[in-house]
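Read the structure below first, then the notes.
The values are calculated or read from the model by the stated rules, or taken from the named source; none is laboratory data. Please read all numbers here as calculations on a predicted model, not as lab measurements. Counting neighbours? That spans all protein chains shown, and the Cβs are built from the backbone with ideal geometry, glycine included. Quick note on the areas: whole protein, heavy atoms, side chains included, nothing else; ligands and nucleic acids left out. Shrake-Rupley method; radii C 1.70, N 1.55, O 1.52, S 1.80 Å.
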Amino acid sequence: MIFAEKIITLRKRNGWSQEDLAARVNVSRQAVAKWEASQSIPSLDKIVQLSLIFGVTTDYLLKEEEEEISLTQDSPESSIRHVTLQEAGSYLETRRSAAWVCAIATALCILSPVTVIALGAFSEYGHIHISENTAGAIGLIVLLLMVGIAVGLFIWNDQVRNKPWEFLEHDPFVLDYGVRGLVKEQQTAFAPAKLALTIIGVILLILSPVAIFGAIFTDKDLYMALSVCVTLILVAAGVFLLILADIPSEAADRLLQEGDYTPDKKRSNSVLGPLSGAYWLIATAIYLLWSFRTENWGTTWMVWPVAGLLFAALRTIVEAVMKNRGETQERIR
């Protein structure tokens with residue numbers, strides 16, 4: 001019995017149509033039809049997924065001489081997680097609300113030095129009647145409060161809101177019938193809003209240094225300090241909008257296992273996740289140490305764009321290494 005015949009036999013034994021099987025494997029019905037007509041062979045990842053869904057070994061699917069069904073120890077239902085229509089809707093709603101929490105927390109981190117810079121400048125040039133030390137102490141307290149609130153929001157978002165959905169990141173899963181259509185529909189509906197948020201966010205980031213360039217021509221230190229505050233506010237607003245655009249779209253891609261959430265990408269994300277966490281903690285530590293040591297907040301903010309560029313390069317390198325490793329393992333198999 002050849003591979004195509006085995007797929008047909010197993011599908012019919014479970015009482016599934018080609019559409020049902022396609023929904024469980026996250027492919028089109030035409031792809032299943034081609035498999036069953038021996039016009040194409042699924043990728044290795046899909047073969048593993050099929051073996052889990054049907055509860056058979058990969059050897060049974062791939063070896064033509066194996067006629068009897070070679071069952072795995074686990075049943076299909078216990079070996080792979082099925083995401084229901086209700087679960088998918090709940091997950092997408094959770095990620096939409098989580099986007100706001102993450103965007104607010106990130107904006108708080110970026111805005112945290114504004115009070116220190118503004119109070120210090122106003123105090124130094126006599127616009128407020130408090131000493132520079134008092135202004136610095138108040139600004140530092142506000143900075144620590146904002147960072148503390150941001151960290152608390154990040155932890156709450158990760159441990160409370162996202163914890164029930166960790167299996168989507170790490171474990172194999174399939175979508176029940178109708179889920180793929182729901183996710184695609186919501187993804188299409190959100191596309192115009194995502195485009196608008198992304199465009200505005202990018203424009204704000206591009207325009208963020210304009211205030212500093214303008215202050216250079218005034219030759220006044222007060223304006224230079226305040227221009228840094230304006231720059232940080234524009235950066236915070238731009239990043240805020242980009243996060244609101246990205247997280248709901250990322251949630252749909254994760255359910256559909258598309259974009260950055262294909263099986264190959266998941267392997268690289270398993271490395272990038274801990275790496276990115278450590279990377280940004282180190283970047284934050286460098287920023288704070290440099291800022292407090294030099295008290296030159298007007299310059300130290302450059303840590304963030306430089307860190308962003310370096311992280312993009314690091315991500316590209318890690319993905320290339322993981323892709324090459326995956327291709328090597330497939331050739332070995």
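Before moving on, here are some points about what is shown:
- Carbon-plus-sulfur accessible fraction, segment 1-51 (probe radius 1.4 Å, protein heavy atoms only): 50%.
- Global form of segment 95-233, assessed from the alpha-carbon gyration tensor, a/c cut-off 1.5: oblate
- Within segment 170-210, backbone nitrogen closer than 18 Å to the virtual label 7 Å beyond the Cα of Glu258 toward Cβ: 173-196
- Rounded, prolate or oblate (a/c below 1.5 giving rounded, otherwise prolate when a/b exceeds b/c) for segment 8-61 by Cα gyration tensor: rounded
- A simple rule links phi to the HN-Hα coupling: the Karplus curve 6.51 cos²θ - 1.76 cosθ + 1.60 with θ = phi - 60°, which for segment 43-52 gives 5, 4, 4, 5, 5, 4, 5, 4, 5, 5 Hz, with x for Gly and Pro.
- Sequence-distant contacts, meaning Cα pairs under 8 Å at least 6 residues apart, place the relative contact order of segment 116-227 at 32 percent.
- Solvent-accessible area, 1.4 Å probe, carbon plus sulfur percent, for segment 89-224: 70 percent
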